[in-house]
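Read through the structure below, which is laid out as structure tokens, and then see the notes.
Quick note: the coordinates plus some simple rules give every number you see, no bench work behind them. In this text the structure is predicted, and so the values were computed from the model without any measurement. Cβ coordinates were reconstructed from backbone atoms using ideal geometry, including for glycine residues, and neighbour counts include every protein chain displayed.
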Amino acid sequence: MTVESTAARKTTRRSSGAKRTTSAASAKKAPAAQGAEPELVQLLTPEGERVQHPDYDIDLSAEELRGLYRDMVLTRRFDAEATSLQRQGELGLWASLLGQEAAQIGSGRALRDDDYVFPTYREHGVAWVRGVDPTNLLGMFRGVNHGGWDPNSNNFHLYTIVIGSQTLHATGYAMGIAKDGADSAVIAYFGDGASSQGDVNEAFTFSAVYNAPVVFFCQNNQWAISEPTEKQTRVPLYQRARGFGFPGVRVDGNDVLACLAVTRSALERARRGEGPTLVEAFTYRMGAHTTSDDPTKYRRDEEREAWEAKDPILRLKAYLEREGHADEAFFEALEAESEALGKRVREGVRNMPDPDDMAIFENVYADGHSLVDEERAQFAAYQASFADGEVK
Amino acid sequence: MAVQKLPLAKALNESLRKALETDPKVLIMGEDVGKLGGVFRVTDGLQKDFGEDRVIDSPLAESGIVGTAIGLALRGYRPVVEIQFDGFVFPAYDQIVTQLAKMHARALGKVKMPVVIRIPYGGGIGAVEHHSESPEALFAHVPGLKVVSPSNSSDAYWMLQQAIQSDDPVIFFEPKRRYWDKGEVDTEAIPGALHQARVAREGSDLTLAAYGPMVKVCLEAAAAAQEEGKSVEVLDLRSMSPIDFDAIQRSVEKTRHLVVVHEAPVFYGAGAEIAARITERCFYHLEAPVLRVGGYHAPYPPARLEEEYLPGLDRVLDAVDRSLAY
């Protein structure tokens, strides 16, 4: 599939109504984007109506639909709990995914167990579908570790804070899959801000040149801290892929069905040995960048309100109710499950032990290093000197 | 044919060949490493014999080379990447420092990073800007990295084998102006550990500590000093992280005088670290302050000035005289 054919076959539906250009001035400065409505792959309207797309049809059972809904609800509940825990002083920082549940659950549920995920630091929903214990995600934000899980037990790499670095790790890993002759695939998550990074562009180059089985999943949540997407690019992000020689597609990032269908298609393409795909999930970060951020300084309430109308969870709920795929008992049980999850996370964090002092010196090297050994011994002696003092 | 006389570059080539033969997970990656065999021909003939899947010509993007090597290591491969010249490593510095060096610790030991980054470094070949630098201190300062540099063909062969076998990332600095120096390589020898210093010349009056390209200069200085009746010991440090301080201490307790020599700028350089540590360890043995000979706090100069910038025989001997005069 070429970019051209993908674009040509897109529906002309004005689906979400969100214009990329927000002012006449910026439209004038950015001719490539001028007058362009976002062309989104969409399977579920903001009102919860199921619509068709010629390239990305998907047929899910009621149980599968309820599963996606459950994933999104629990992820949002977990995220809200983490935000509260930060406010209560239990976490040093939190990067909320509020509003991005569909992009993460949809793409995450497209993965097979043997696929590998390279996240940023906001992929709590993807971690959830990979089976990473949510409490483990909080370790780095609480300051007890820099990771918190074994990447290979869930094929979910550690969170990466330096923007865009992980896209190259994903590409290298995908190159390894190809060398192994396996048909697994890799997905690399990043944001609209990361698209400006050299590493992301180098990842595009390497993956295209080596035909690596990797899907680049860009969650364009419209803001890189305080900078809008217009400060990162003069063309819609999915169109970047064309210059690197692989397809790019923009999907409604608040539509879990479309995110699932588009990601599944891109992964299948990778498995067939046809190389990378760039998926731009057009979505919105409803909260702050992190708990240290103050979005009131750079964006308007009306913007958030407009996006709230496209809430990914509400739209799937409307669809489930409209089609009779879920009853009141389901929603009530899920509410109870959410509360239980919140409680478990809250208690898990509060009971999370501080690391042992000697952890400073652990795992610096796999094969050991004489300087680390020397400093470990000095530190141990220093700590022991206080213990002696207390005894006296 | 266990013992051969090989130029240093050829010894590296043989070492890489051995690694590719021994372990199917070893990969060579870098710009021009394939058909051309690298700009210094260190990878000459390897792609022909091991194929494009094992010896990989990379796009011209250093961060990409190191970043994808990290991913390949996560998949179980052992990439050996070539950075074409010292001054070109900086686009990859972010990946090396923020990712490669920390991955093992961040994963609480659950993943290994057996990545070797080969960097031809140092001056003395009349090159243009960015082709003659000695950035080893920038890497040695980073926890999680090991930093080594061979000074001769035998070490080139063996230390590269050891670096590839290490589960830690190793920055492997190759003294490019010694690439064509020949030396004996015993491919069946049992090598010393990667981090151990080597006494390159025994002496009793003063210790010269150096690594990489400066070992040869120090050996020449020791020979010249001998003619003046001074017995100078030369230590080839081989490893800048870790540094074999025990070996330096042993030597200094004997000679009571230490001069550290490197091409990199003296300011914040390896010599500063060695001077500080050896002063702590050998305060009552030293008869003179630890002296340093190295580059200046200035950009590496144009080639017509590099002989003035680089430590040569006279500057080293001058430092020897100053130390012994205390």
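In the elastic network of chain A, a GNM with C-alpha springs shorter than 10 Å, the most mobile of A:Ser265, A:Ser153, A:Ser184 is A:Ser153. Starting from one equal scatterer on each C-alpha and no solvent at all, send me the Debye-based log10 I(q)/I(0) for region A:241-289 at q = 0.16, 0.27, 0.28 Å⁻¹, two decimals. The computed values of log10 I(q)/I(0) come out as -0.50, -0.98, -1.02. What the phi angles of region B:158-174 give under the Karplus curve with 6.51, -1.76 and 1.60, with θ = phi - 60°, is a coupling list of 7, 5, 5, 4, 5, 5, 5, 6, 5, 7, 9, x, 10, 8, 10, 8, 9 Hz, glycine and proline written as x. Evaluated at q = 0.18 Å⁻¹, a Debye calculation over the C-alpha positions of region A:151-292 (equal weights, vacuum) places log10 I(q)/I(0) at -1.02. Here's how it looks for A:Leu44: its modeled amide H is under 5 Å from those of A:Val51, A:Ala258, which are all 5 or more places away or on a different chain.
Rounded to the nearest 10 degrees, the angle from helix A:198-209 to the longest Cα principal axis of chain A is 60 degrees.
Among the listed pairs B:Lys5/B:Lys182; B:Lys5/B:Lys48; B:Lys25/B:Lys176, those whose Cα-Cα separation exceeds 18 Å are B:Lys5/B:Lys48; B:Lys25/B:Lys176.
Out of A:His157, A:Asn136, A:Thr45, whose Cα points farthest toward the positive end of the dipole of chain A (charges: +1 Lys, Arg; -1 Asp, Glu; placed on Cβ)? Of the candidates, A:Thr45 comes out farthest on the positive side.
The mean count of C-beta atoms from other chains within 10 Å of the C-beta of residues in A:162-168, rounded to a whole number, is 5. Pairwise Cα distances in region A:31-138 exceed 19 Å in 55 percent of cases. Amide H contacts of A:Trp223 (H built 1.01 Å from N, in plane; Pro and chain starts excluded): A:Arg285 sit under 5 Å, all sequence-distant by 5 or more or on other chains. In order along region A:56-62, the phi-based Karplus estimate (6.51 cos²θ - 1.76 cosθ + 1.60, θ = phi - 60°) of 3J(HN,Hα) comes to 10, 7, 8, 10, 10, 6, 4 Hz; Gly and Pro are listed as x. Taken residue by residue and averaged, Cβ atoms of other chains lying within 10 Å of the Cβ of B:89-97 number 2. Can you give me the long-range amide H partners of B:Tyr121? Hydrogens built in the peptide plane at 1.01 Å from N, cutoff under 5 Å, separation of 5 or more residues or another chain. It is B:Glu174, B:Lys176, by chain and number.
What percent antiparallel are the DSSP beta bridges of the protein assembly as shown, to the nearest 5?
Around 20 percent of the beta bridges assigned by DSSP in the protein assembly as shown are antiparallel ones.
Listed values for region A:102-119 are Karplus-derived 3J(HN,Hα) couplings in whole Hz (6.51 cos²θ - 1.76 cosθ + 1.60, θ = phi - 60°), namely 5, 4, 7, 6, x, 5, x, 6, 7, 7, 8, 4, 7, 6, 10, 10, 10, x, and x replaces Gly and Pro. Remark: C-alpha extents of the protein assembly as shown on the principal axes read 99, 71, 51 Å, sorted largest to smallest. Looking at chain B, the DSSP beta bridges with both ends there are about 25 percent antiparallel. Remark: region A:315-370 is approximated by an ellipsoid whose semi-axes, taken from the C-alpha gyration tensor as √(5λ), come to 47, 16, 6 Å, largest first.
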